[in-house]
Amino acid sequence: MSLKTGIGVGVALLSAAVVVAFGLLAYAGFVRQQDAAMRRLLADDLERVAALFEQPVLGASLAAGSAPGFVVQLVGADGQLVLAWGSDEPLPLTSPAATLLVAGRPHLVGSAPWREAGASIRIAHDQGAALATRRELGRSLAVGGALTFLLASLVAVVAVRRALAPLDRVAAAARNVDPATPDAIRYDGGLTEVRSLTGALNHALAAIRERTRTERAFLLEVAHELAGPLTLVHYHLTEVGQRYPEDPQLRAATGAAHELLRTSQDLLVLARGELERPLEPHVVDLRDLLAQAAGEFPGLEVVAPRIGEVIGDRDRLMQALRNLVRNAVQAAGRPEGVRLELAEDGDAQVVRVVDDGPGLDPDAQATPFDRGVRRGSGSGIGLVVARQWVEQHGGRVTASSAAGGGAVFEVRLPSLAARLEATGADPTP
C-alpha cells in the first residue's frame, strides 16, 4: 500500500468515525430531549386534568393544549371506568410514565392518584408522530453522514495528494539521478520533513560522488601502471613473434598480451569517465568498421552485402564492435569461429556477432552486460563499455543463444535515413 493510499484510507476512516459518532450523539440527544418534553407535557396534563376534576370550569376541554392522540380516563377504586375520553380501553396504572401499546399504537402512559382512595387519573399520549420524527431524523442523519463522509474523503484525497506532491517530485528527481554523475537534488518547498529527506539524499549522493571520484582515480592509476608495461611486453612479443612465427607458445603469449592491453584500455575508458562524454557524430559506414575488425582478427568471416550508414562517433562505435568481437573470439577460441553480419531491418542497421563457442552461461544469460558478469575467460568490462556506447548512439545491444550452439550479440542502431527523417532533412543526396 502506498503512503498516499494509507493516509487517504486513514483520513477516510477517521472521517467516518467522526460522522458516525456525531450522528449517534445528535440522535441520542434529540431522543432524550423529546422524551423529556413528552414527559413534561404528560405531567402538565395530569396536573391540569386533576384541577379540572377538582374545580370544573365552564367550557374547559380536557384535551386543550395536549398532543394529538390524547386519552384521559378516571378510574375508580374498583378499577371501573368512571370517565373515559379518547378511548374506552382501560389504561394500566403506571408510575412513573411508560411507553405502552394502546389500541395497537405506542402511547406514553402516566397516572396520578385521585382524591377518592384507590381512584386514579390516567392519561396517554400517542407517540406515533414523535417516533415518525425520530425515524425521519435518523434517515436525514444517515444521508447527511454519507454525503459528509464522501465529501470528507474527496477533500482528504485532494489534500493528501497536494501534501505529498513535493515528496513525489523529490522521488522523481532521485529516480532521474545519473549513477555516473549523481548531482544533488533540488527542493524549493517549505515542508520541513521533505527538506530533511532531500538533505539526507543529497548527503548520500555527495558520498557516492566522492567514492566514485576516489575509485576512478585509483582505477586510472592502476590502468596507467598496467598500460605502460603491457605495451612494452606486447611490442617485444610481436617483434619476437615475427622472427619465430611458428612457435605456438609465443603466439599464445602475444595474444594474451594483446588482450591484456585491450582490457587496460577499457579500464582507462572507465577511469577517465569517457563513457559520459558527448559524442562527435559523423556519417559512418558500418561496413568499414566490420572490415577493420576483420583486419584485426584475421580469419573472421564478414557478411556485409550492402552499405550500412549511421550517424555516430566512429572511434566509439569501433571500440564497441571490437569489444564484442574480442568477446566472441575468446568464447570460440579462434577468429574462424566468429561471423560478422550486417543487415537492414526497417529503420535500423543491425550488426550481428555470431560465434560457435559454448554459448552463454545460464546464470548470466539475463544480464550479460552487467558489470562483474564474466563470459569465459573475459573480464566482462568490454561488454559494459560496448553496451553503454551503443546506447549513447540511440541503439541497443542484446545477447541470445544461437540455434546451433554458441551465442549471438546483436547491435541495432538507427539508420542514417531514419535519423534524417526524424530531423526533417532530405535523406536523398
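When shorter helices are ignored and each DSSP H run of at least 4 residues is given -39500 (n - 2.57), the per-residue value for the chain at 222 nm works out to -19000 deg cm²/dmol. Geometric descriptor of region 122-162, per residue, is 42 Å³ (volume of the convex hull of the Cα atoms).
Toward the positive end of the charge dipole of region 3-148, with +1 on the Cβ of Lys and Arg and -1 on the Cβ of Asp and Glu, the farthest Cα among Gln55, Gly76, Val11 is that of Val11.
For the peptides 149-156, 307-314, residues were scored by their other Cβ atoms within 10 Å and the scores averaged per peptide; the highest-first order is 307-314, 149-156. For the chain, the dipole from Cβ point charges (+1 on Lys and Arg, -1 on Asp and Glu) about the Cα centre works out to 1120 debye, to the nearest 20. Recomputing semi-axes √(5λ) of the Cα gyration tensor in Å from the coordinates shown identifies the correct label among [x] 102, 23, 20; [y] 53, 28, 22; [z] 36, 28, 22 as [x]. The protection proxy used here, the mean number of other Cβ atoms lying within 10 Å of each residue, ranks peptides 413-420, 353-360 as follows, highest first: 353-360, 413-420. In terms of packing, defined here as the mean over residues of other Cβ atoms within 10 angstrom, the peptides 131-144, 8-21 line up highest first as 8-21, 131-144. Going by alpha carbons, how many degrees (0 to 90, nearest 10) lie between the helix axis of 3-54 and the longest principal axis of the chain? That works out to roughly 0 degrees. Extending 7 Å from the Cα toward the beta-carbon at both Asp361 and Leu101 defines two label points whose distance is 8.7 nm. Each listed q (0.21, 0.24 Å⁻¹) maps to a log10 I(q)/I(0) for region 1-60, found by the Debye formula over equal Cα scatterers with no solvent: -0.84, -0.92. One way to sum up the overall shape of region 273-353 is the equivalent ellipsoid from its Cα gyration tensor, whose semi-axes run 21, 17, 10 Å, largest first.
Mean projected area of the Cα convex hull of region 280-423, taken over all directions, amounts to 8.2 nm².
Normalised by the number of residues in the chain, the average gap of Cα pairs under 8 Å and 6 or more apart makes the relative contact order 9 percent.
Read-outs: derived from the displayed coordinates by stated rules, not from any lab. Keep in mind the model is a prediction, meaning the values are calculated, not measured. Reconstructed Cβ throughout: ideal geometry from the backbone, glycine too, with neighbour counts over all protein chains shown.
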